[in-house]
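What follows is a set of notes on a single structure, which appears directly below.
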Amino acid sequence: MKLSIQHETIYTYDAPVRSSTQYLRLTPRDTLRHKVLQWELDTPRAATQTHDGYGNTLHVLTLDKAVREIRIRAHGVVEAVELAGEQGGAALGELSPLVFLRPTAITRADASLTAFAGPFRRQGAVLTGLRELAVAITKRMPASDEATEPPTAADAFAACKGSARDHVHVFIACCRHLGVPARYVSGYVLTHGKGEPSIAGHAWAEAWIVDRWRSFDLGNSRSTGAEHIEIAIGADYFDACPIRGVRTGGGLETMQARAKVTVTK
């Protein structure tokens, strides 16, 4: 199956931005789950391409002229295959899974999270046990579409609600507390509903079970499949988010993000 992805992000400002640097993780890489057939990144000026510590393709966009708008567009085609057994889309030459046992500032388990994860300790290292953990998290935290700066896993858990991003952080915190390596994945997913299939971006988790990564899409209460296109991985959202940056000037910022995934020939 071939999937076409169109993703555009537009930043507008009520005062000129005098300078800015943005870190773009918007380019997929070949994995067990998909092969990149074509990909382009359109930016106001040429961005420097490199790789981050997790192997993600990273572009650094630096603007040193005053602007009131920054428009970034990523688009291309990937060929996807269905993997059996909820297998994650690992790439060759990846870091050791043990790297993903280390808690981060926003995935550290507090007393409430450790108490919640405790009953899953005996089954935490097997697929069925982590499936049950994922279900328990989404029941405890109904979905919320509120777009805010990522709270910690502990704060999201205490609020008893959260976005897909928050569900992933709570799942990761619980897994690491149980001694299971877990990581954050950002990307896109093809949706099958009325009208145009589209989504502004998605997040899911992968946990290392026995000898491979297994995927958990908590936001959709399922494992990942051929419809999921991985863009970046990391220890948490900040390592894998599509765009992060700093700027001088600009005043109030408004962001619009649009993404569409469709099946193509």
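The residue that is least open to solvent (accessible area, probe 1.4 Å), among those in the stretch 213-265 that are assigned to a loop (DSSP other than H, G, I, E, B), among the charged types (D, E, K, R) and within 30 Å of Gly129 (Cβ to Cβ), is Asp236. Each residue in the stretch 11-56 was checked for being without any contact (Cβ under 8 Å) to a residue 40 or more places away in the chain and either open to solvent by less than 50 Å² (accessible area, probe 1.4 Å) or touching a helix residue (DSSP H, G or I) at 6+ places or on another chain (Cβ under 6 Å) (or both), and 4 pass. Regarding the stretch 74-90, can at least one residue be identified that is more than 20 Å from the chain's Cα centre (by Cα) and more than 30 Å from Cys175 (Cα to Cα)? Looking for residues that are more than 20 Å from the chain's Cα centre (by Cα) and more than 30 Å from Cys175 (Cα to Cα), one finds none in the stretch 74-90, hence no. Would you confirm, using the coordinates I've provided, whether Pro150 is open to solvent by 20 Å² or more (accessible area, probe 1.4 Å) and in contact with a Cys (Cβ under 9 Å, 6 or more places away or on another chain)? No: the conditions fail for Pro150. Scanning the stretch 125-148 for residues that are out of contact with any strand residue (DSSP E or B) (no Cβ under 9 Å at 6 or more places or on another chain) and part of a loop (DSSP other than H, G, I, E, B) returns Asp145, Ala147, Thr148. Before we move on, is Leu133 modelled with pLDDT of 95 or more, crowded, with 17+ Cβ neighbours inside 10 Å and out of contact with any Asp or Glu (no Cβ under 6 Å at 6 or more places or on another chain)? The answer is yes for Leu133.
Taking the criterion of being open to solvent by 60 Å² or more (accessible area, probe 1.4 Å), without any contact (Cβ under 8 Å) to a residue 40 or more places away in the chain and out of contact with any helix residue (DSSP H, G or I) (no Cβ under 7 Å at 6 or more places or on another chain), the residues of the stretch 97-130 that qualify are Ala111, Ala115, Pro119, Arg122, Thr128.
Among residues of the stretch 247-262 that are of a type in the set (Lys, Arg), those with a Cβ under 9 angstrom from a residue that is not in a strand (DSSP E or B), sequence gap 6+ or separate chain, pair up as Arg258/Ala200; Lys260/Glu196; Lys260/Pro197; Lys260/Ile199.
The values are calculated or read from the model by the stated rules, or taken from the named source; none is laboratory data. As the structure is a prediction and not an experimental result, all values here were calculated from the model. In this analysis, Cβ positions are derived from the backbone assuming ideal geometry, glycine residues included, and neighbour counts consider all displayed protein chains. These area figures cover heavy atoms from the full protein model, side chains too; ligands, DNA and RNA do not enter into them. Shrake-Rupley method; radii C 1.70, N 1.55, O 1.52, S 1.80 Å.
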